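Working notes, beginning with the structure itself.
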């Protein structure tokens with residue numbers, strides 16, 4: 001464990017870290033924090049989050065713990081009894097782990113909530129079930145589960161029934177939770193079909209110590225449209241959850257070959273396509289011409305092929321340097337080939353990924369194997385391949401899909417179910433700190449490190465043990481540069497570290 005005992009911060013910048021009194025005396029005008037045995041490290045950044053939806057899960061009906069269809073419906077009925085007014089917003093059911101292996105029906109939901117409006121998103125938020133009252137309000141039929149446009153309409157109807165107080169409380173809860181987990185910045189992946197423009201503008205106006213970097217997922221066809229939309233939204237880029245396809249769990253990710261466990265009569269055996277090759281190319285071209293970050297939600301192998309082919313044509317048109325300067329990013333990128341990884345690495349395209357997806361759904365009997373078969377499932381979330389080809393990695397949670405705890409993210413990246421796809425704890429930590437800052441456009445060489453002169457964005461942790469002993473002055477050189485003497489990370493075999501204090505640019509935001 002690093003044995004530096006104090007840190008000095010002056011004007012929001014790290015001035016000194018160490019244990020010697022001589023060093024401490026050099027900065028009499030700085031604010032000195034005594035670490036008292038705590039482990040200090042650069043603060044985390046979550047590269048993909050949905051803030052209001054996360055808060056609604058924290059303050060509302062969280063179904064991620066449901067172990068069966070009956071359990072899910074019991075949780076729903078109990079919540080409805082204790083919240084008789086307004087819309088019920090639930091999240092997180094996952095039938096792939098239930099003995100019934102089937103989603104709740106509209107009748108199931110109605111029996112649990114009576115005449116209330118209820119929206120229940122599947123854990124990946126690419127399908128949902130809803131009560132009859134809400135379906136009627138959204139003018140959708142009896143499809144179960146709801147996907148694509150029908151799902152978007154029902155979610156919009158549910159969102160419209162939330163009060164301003166509910167939305168504000170949800171955002172505060174989500175950002176408070178992030179700060180308590182040592183997260184000082186989040187990348188909000190907003191868009192017209194996710195939370196809508198009002199939700200994004202309200203989040204931008206929400207005063208909180210956690211920094212919100214916003215991406216707006218809406219398609220454009222010309223550079224002029226890109227500039228106009230970026231100015232209207234004040235987002236960091238036209239990226240994030242601009243959907244090319246859906247998700248594997250909802251059988252809506254766009255595949256080359258059909259799903260292995262298709263229900264009878266499935267009209268889309270290879271998933272859903274939201275943007276075709278021409279639309280993807282147009283968006284990338286428009287943003288590259290305007291010098292704006294572009295990006296997409298892309299999961300299935302057919303979707304990845306479409307995006308990589310589009311990037312290839314844009315590189316031919318504008319050149320590698322112009323594409324790399326934009327910092328284009330791909331969210332999730334779960335199914336990628338060796339050749340595609342090499343191409344993305346040569347173009348400087350960023351992979352914003354979620355290691356907890358593999359932790360939750362990987363393995364020979366997990367959800368991926370159910371949907372795709374074991375052979376295809378073994379080729380998902382190839383962190384080591386992408387890193388080896390020079391693809392910049394940024395890690396996040398996609399909360400509320402998975403938990404925001406960044407140490408769980410680091411642990412998951414080191415324990416990939418498929419041999420050869422895991423990365424080291426140091427590489428995973430870098431992807432959740434410096435890599436995520438870089439993905440958000442901060443490339444000053446200091447953010448995400450903890451060295452004199454760097455912004456004072458850090459967290460102090462209590463941890464039971466560390467992997468090996470660290471050199472006595474290692475904490476003074478906290479950097480994600482592999483050439484520096486980085487302190488070892490906490491051992492993640494047992495309880496995860498507890499955050500004692502979170503500081504962003506010199507201001508305490510937790511603890």
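In percent, what relative contact order does the range 53-160 have, based on Cα pairs under 8 Å that are 6 or more apart in sequence? List each step's numbers first, then the result.
Working: 191 pairs, mean separation 24.7, N = 108.
Relative contact order comes out at 23 percent.
Between rounded, prolate and oblate, where does the range 202-330 land on the alpha carbon gyration tensor, with a ≥ b ≥ c its root eigenvalues, rounded for a/c under 1.5, else prolate if a/b exceeds b/c? Numbers along the way, then the final one.
Numbers: a/c = 2.47, a/b = 1.39, b/c = 1.77.
Oblate.
Of the DSSP beta bridges with both residues in the range 1-122, give the percent that are antiparallel, rounding to the nearest 5.
On the way: 9 of 16 bridges.
Rounded to the nearest five, the antiparallel share is 55 percent.
Students often check this: by mean Cβ neighbours within 10 Å, which of 134-143, 495-504 ranks highest, and how do the rest follow? It would help to have the intermediate numbers written out before the result.
On the way: 134-143: 16.7, 495-504: 20.2.
Descending mean neighbour count gives 495-504, 134-143.
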(message) Using helices alone, I'd like the mean residue ellipticity at 222 nm for the chain: each DSSP H run of four-plus residues gives -39500 (n - 2.57), total over residue count, nearest 500.
(response) -10500 deg cm²/dmol
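Using 0.36 nm times the number of residues separating residue 139 and residue 374, minus their current alpha carbon distance, what extension gain do you get? It would help to have the intermediate numbers written out before the result.
Numbers: separation 235, 0.36 × 235 = 84.60 nm, distance 3.89 nm.
Full extension of this stretch gives 80.7 nm more.
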(request) Quick one: grab the alpha carbon gyration tensor of the range 53-160, order the square roots of its eigenvalues as a ≥ b ≥ c, and give me rounded if a/c is under 1.5, else prolate or oblate depending on whether a/b is larger than b/c. (result) rounded
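Using alpha-carbon pairs under 8 Å, 6+ residues apart, how would you state the relative contact order of the chain in percent?
Details: 1179 pairs, mean separation 94.2, N = 511.
It comes to 18 percent, rounded to a whole number.
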(request) Bin all alpha-carbon pair distances of the range 218-430 at 10 Å intervals from 0 and give each bin's fraction as a whole percent. (result) 9, 35, 36, 18, 2
(message) As I understand it, the value is the acute angle between the Cα axis of helix 164-180 and the longest principal axis of the Cα atoms of the chain; what does it come to in degrees, rounded to 10?
(response) 40 degrees
(message) Rounded to whole Å, give me the distance from the Cα center of the range 159-210 to that of the range 388-406.
(response) 19 Å
(request) Sort the following peptides by mean Cβ neighbour count (other Cβ atoms within 10 Å, averaged over residues), highest first: 166-172, 376-382. (result) 376-382, 166-172
(request) Report, to two decimal places, the Cα Rg of the chain normalised by 2.2 N^0.38 Å (N = number of residues). (result) 0.97
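Quick one: work out the % antiparallel among DSSP beta bridges in the range 47-182, nearest 5. Mind dumping the intermediate values first?
Details: 4 of 11 bridges.
Approximately 35 percent, going by the DSSP bridge assignments.
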(message) Rounding to the nearest 10 and keeping the result within 0 to 90°, find how far the Cα-based axis of helix 69-82 lies from the longest principal axis of the chain.
(response) 80 degrees
(request) Can you grab the distance from the C-alpha centre of the range 407-444 to the C-alpha centre of the range 60-110, Å, no decimals? (result) 33 Å
(request) Within 10 Å, count the other beta carbons around each residue, average over each peptide in 151-157, 260-266, 220-226, and list them highest first. (result) 151-157, 220-226, 260-266
(request) Relative to the longest principal axis of the C-alpha atoms of the chain, give the angle of the C-alpha long axis of helix 196-205, reported between 0 and 90° and rounded to the nearest 10°. (result) 20 degrees
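Taken together, the values in this text are just the output of simple stated rules run on the coordinates, not laboratory data. Small disclaimer: the values here were computed from a predicted structure and weren't measured. Here Cβ is always computed from backbone atoms with ideal geometry, including for glycine, and neighbour counts include all displayed protein chains.
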